[in-house]
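What follows is calculated from the coordinates using simple rules that are stated; it is not laboratory data. Model, not experiment: these values are computed from the prediction. All Cβ positions, glycine included, derive from the backbone under ideal geometry; neighbour counts span all protein chains shown.
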Amino acid sequence: MVYFRLFWSLIYTVKESVTFHGRNGEWEWLVEFDGNVVLDLHTLGSFLDKYVSKPLLLLDWSYHEDCGDDGFQCFSRELNDMLRTRRKYIEDSKENIEAWERKLAKEHEGISGTRKYTPPYYYETRIILRNLEHERSSEVTQAFRKTYEKCHEIQRDQFLVPYFLWHANLSFDTEALPMRYLADSVGMCMVGTRVGRN
């Protein structure tokens with residue numbers, strides 16, 4: 001039997017969070033999802049049991065477009081689209097976002113003096129499922145801490161999460177879940193609770 005509690009957390013957007021409590025009295029999973037996401041909590045525990053070997057589950061960006069095996073391409077396209085057509089959501093950090101894109105482009109091309117930036121996925125961060133009992137849980141925490149710190153300069157966490165996961169060598173341990181699979185498995189859907197959402 002999995003027990004859970006529901007609470008609100010505030011970082012940059014309001015997300016609902018669910019922590020799943022295991023038989024041993026420890027929290028097993030932290031599940032965060034945007035306020036316009038609906039999940040069937042009755043099926044979530046058994047769903048998460050299938051992924052105990054993974055430290056992190058995220059929504060794969062591929063429901064927007066196919067990234068192939070190069071998440072950087074989707075990052076770059078979304079960033080440029082946002083700069084052109086959804087600028088109001090990033091106006092306060094426009095220059096920082098442009099500098100971030102230049103930095104990652106250099107790393108992606110392998111000309112920055114560091115290892116070549118090759119993220120296998122680009123993620124939608126409207127749902128984050130963290131395995132708190134996984135041996136790499138503290139590394140996930142560090143990657144999210146770096147993401148949070150950088151969010152003070154850049155308004156979009158999903159521009160940051162793939163990089164900090166890749167930098168911590170967590171990209172291939174993170175499961176990128178297709179939206180259709182989440183819809184079928186845990187009833188994930190999005191509802192119109194917000195106006196003007198990006």
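Name the residue that is surrounded by the fewest Cβ atoms within 10 Å (Cβ to Cβ), counting only residues in the stretch 122-141 that are under 14 Å from the mean Cα position of the chain (by Cα) and not hydrophobic (A, V, I, L, M, F, W, C). Give the derivation first.
Restricting attention to the stretch 122-141, the residues satisfying the condition of being under 14 Å from the mean Cα position of the chain (by Cα) are 122-131, 140-141.
From what is left, the residues that are not hydrophobic (A, V, I, L, M, F, W, C) are 122-126, 130-131, 141.
Values: Y122: 26, Y123: 27, E124: 20, T125: 21, R126: 20, R130: 23, N131: 22, T141: 14.
Once the filter is applied, the top-ranked residue is T141.
Of all residues in the stretch 163-192 being over 16 Å from the mean Cα position of the chain (by Cα) and of a type in the set (S, T, Y), which is surrounded by the fewest Cβ atoms within 10 Å (Cβ to Cβ)?
Y181
Between a residue in the stretch 102-130 that is under 30 Å from L39 (Cβ atoms) and any residue that is acidic (D, E) and assigned to a strand (DSSP E or B), which pairs come within a Cβ distance under 7 Å, given they are 6 or more apart or on different chains?
Y121/D60; Y123/D60; R126/D34; I128/E32
Restricting attention to the stretch 99-120, report how many residues are touching a Lys or Arg at 6+ places or on another chain (Cβ under 6 Å) and of a type in the set (S, T, Y). Steps first, please.
To start, the set of residues in the stretch 99-120 that are touching a Lys or Arg at 6+ places or on another chain (Cβ under 6 Å) comprises 110, 112.
Now narrow it down to the ones that are of a type in the set (S, T, Y): 112.
Total satisfying the criteria: 1.
Can you tell me which of (1) free of Cβ contacts under 8 Å to residues at least 40 places away in the same chain; (2) assigned to a helix (DSSP H, G or I); (3) under 19 Å from M179 (Cα atoms); (4) not hydroxyl-bearing (S, T, Y) is the one D66 doesn't meet?
(2)
So how many residues does the stretch 69-85 have that are surrounded by fewer than 14 Cβ atoms within 10 Å (Cβ to Cβ) and in contact (Cβ under 8 Å) with a residue 24 or more places away in the chain?
Residues meeting the conditions: 1.
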